[in-house]
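Notes for the one structure printed next.
The values are calculated or read from the model by the stated rules, or taken from the named source; none is laboratory data. A quick note: this is a predicted structure, and the numbers were derived from the prediction, not measured. Counting neighbours? That spans all protein chains shown, and the Cβs are built from the backbone with ideal geometry, glycine included. The protein model used for the area step is the full one, side chains on, heavy atoms only, and it has no ligands, DNA or RNA in it. Shrake-Rupley method; radii C 1.70, N 1.55, O 1.52, S 1.80 Å.
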Amino acid sequence: MSELIDHKIIDMPALWAVGAQVHVMNGGDNPLPAEWRKQFESGLFEKLAALPGAYAKDDCMGIIHSWPGDMSCFEYLMCMLFTEKPEEIPEGCTVMELPAGKMLCGYVRGIDASYVVAQAHDLVMARADRSGYEFDMDRLMLMEGYNNPRFTKPDEQGRIIFDYYIPVVKKTKKK
């Protein structure tokens, strides 16, 4: 079981995401765990951490973007965030500009990482709704935060914490 243990609204500045991108078909086997392993084994994150201007050196991010209306597929960027576009981009990397705006970051805790990740979206969207926010349709992306050590080192009860970000705007009042 996963639980949302905390959340915060942050004013995210405009950032640059740099990393390896994969095209993912919704349905069937999830290719992302193998893709993450591949990128860690290739040394991608060491190369990215060596670049100047990292927004958070301890965070590897997964950004879900560019999905069609039927949600049959999406693009997934395994990356680090930077305050400005790095001058030198490692070979094979994709660069994505992220617009500034409010983000709701939910901290989801549980024992089974795959279950925690799977439940994060629904838990954080429900919190946004209860907090008077809705998904910002002008910034179509979702961000997964794999913070070291919160995600990588379980606590004394074997639980990890997964950071999940959604772009939000204040709900408009209906007349």
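Before moving on, here are some points about what is shown:
- Across the chain, Cα pairs under 8 Å and at least six residues apart give a relative contact order of 31 percent.
- Count of lysine pairs in the chain with Cα separation under 21 Å (8 or more residues apart, or interchain): 15
- Share of carbon and sulfur in the accessible heavy-atom surface of the stretch 69-171 [1.4 Å probe, %]: 50 percent
- From the alpha carbon centroid of the stretch 77-103 to that of the stretch 157-175 is 22 Å.
- Label-zone membership for the stretch 1-29, site residue 115, 7 angstrom Cα→C-beta point, backbone N under 20 Å: 1-6
- In this simple spin-label approximation, residue 87 and residue 75 carry label points 7 Å from Cα along the Cα→Cβ vector, and these lie 2.6 nm apart.
- Other residues whose C-beta falls under 13 angstrom from the C-beta of residue 31 contribute a net charge of -1, scoring Lys and Arg +1 and Asp and Glu -1.
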